[in-house]
Amino acid sequence: MVRELRPGVWLLELGLFPPLASNAYLVDERAVGGDGDALTLVDTGLWWNRPTIGDELDAVGYGPTDLDRVLLTHYDLDHVGGLNRLVPAFDGPVSVGRDDLDLLAGRAEPALLHHKGLFHRASRRLFPLPELTLEPLDDGDTVGGFTAYHTPGHNPGHVVYHHADASAAFLGDLVWAGDDGGLTTPFWGDSYDMDELRTNIGALADRIPAFDVAAMGHGDPLLTGGSDALRALAEQV
């Protein structure tokens, strides 16, 4: 269900139960302060969810036609599949890390014998994305008030988005919610390279500005002390 995490930032809970449940986030830059004026959706859930992405947007008071852009943390079906539920009402730009864009476009061929590489080879054929404008992002690129941080490991092109005015970091699957109220690493079987992922947790903790809201793709987001929790995890792994 929908929860407002702070003014202008909403959690859209998609799916009934793990592992099908995932989080999307809506950011109204007009409400968080600063110079931005766009309505941004971060991640979209699966192509089928209950509640649907449309229902969740409606609960906030918006619809797909109100969205100015979509930011994807990475190319996995539980984060990109909902794009198919937004078209044709939404026809704006969709931003994704460059390496993941190459992956889904077929310009990069993951290892056939790698468990996730094989899955992505199959998923991009069986569940193609709709015809939308896909824009590649590199480390340090900005989209409105969001800054992209390239954080590979879970996926080659995984990106974390930091929004200073919202004091929030949209962490995708770089980390998950931990059982102790902090953060933990994702399941190894759903990642390309866990060593690279752990390295990038530490690298991100060192360079991302302080933030309150840790908005991860799975589990309850942290409303305060997000950057402290990220640093604590970095010191553990």
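The values are calculated or read from the model by the stated rules, or taken from the named source; none is laboratory data. Predicted, not measured: the structure shown is a model, and the values here were computed from it. Backbone-built Cβ (ideal geometry, glycine too); neighbour counts: all protein chains shown. Heads up: the accessible areas ignore ligands, DNA and RNA and are worked out on the full protein's heavy atoms, side chains in. Shrake-Rupley method; radii C 1.70, N 1.55, O 1.52, S 1.80 Å.
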* region 53-93 - charge dipole about Cα centre, Lys and Arg +1 at Cβ, Asp and Glu -1, debye rounded to 20 -> 120 debye
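Multiply the residue gap between Ala203 and Ala31 by 0.36 nm, knock off their C-alpha separation, and tell me the result in nm, one decimal place.
58.9 nm
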* Asked: R0 = 45 Å: FRET efficiency of Asp138 with Leu16, Cβ-based, nearest 0.05?
  -> 0.80
* Asked: Between rounded, prolate and oblate, where does region 1-123 land on the alpha carbon gyration tensor, with a ≥ b ≥ c its root eigenvalues, rounded for a/c under 1.5, else prolate if a/b exceeds b/c?
  -> prolate
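Given Cβ point charges of +1 (Lys, Arg) and -1 (Asp, Glu) and nothing else, what value in debye, to the nearest 20, does the dipole of the chain about its Cα centre take?
Numbers: 15 positive and 37 negative charges, 106 e Å.
For this selection, approximately 500 debye.
Once you order the gyration tensor axes a ≥ b ≥ c over the Cα atoms, which shape class does region 140-237 get: rounded for a/c under 1.5, otherwise prolate or oblate by comparing a/b with b/c?
oblate
Round to the nearest 0.05 the FRET efficiency obtained for Glu196 and Ala89 when R0 = 41 Å and r is the Cβ-Cβ distance. Don't skip to the answer; put the middle values down first.
Numbers: r = 37 Å, r/R0 = 0.91.
Efficiency, rounded to the nearest 0.05: 0.65.
Using the Cα centre as the reference, give the magnitude of the dipole from point charges on the C-beta atoms of region 100-237 (Lys, Arg: +1; Asp, Glu: -1; all else neutral), rounded to the nearest 20 debye. Provide the component values of the computation, followed by the final result.
Details: 8 positive and 21 negative charges, 84 e Å.
About 400 debye.
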* When the solvent-accessible surface of protein heavy atoms is calculated with a 1.4 angstrom probe, in what order do Met194, Met1 fall, highest first? -> Met1, Met194
* Structure fact -> Protection proxy (average C-beta count within 10 Å per residue), highest first, orders 147-160, 116-129, 217-230 as 147-160, 217-230, 116-129
* To do: Calculate the translational D of region 38-83 in whole µm² s⁻¹ from Stokes-Einstein, where the hydrodynamic radius comes from the Kirkwood formula applied to all Cα pairs, the temperature is 20 °C and the viscosity 1.002 mPa s.
  => 200 µm²/s
* Asked: Taking +1 at the Cβ of each Lys and Arg and -1 at the Cβ of each Asp and Glu, which of His115, Gly36, Pro51 sits farthest along the dipole of the chain towards its positive end, judged by Cα position relative to the Cα centre?
  -> His115
* Along its principal axes, what span do the Cα atoms of the chain show, with the longest given first and each in whole Å? -> 45, 40, 34
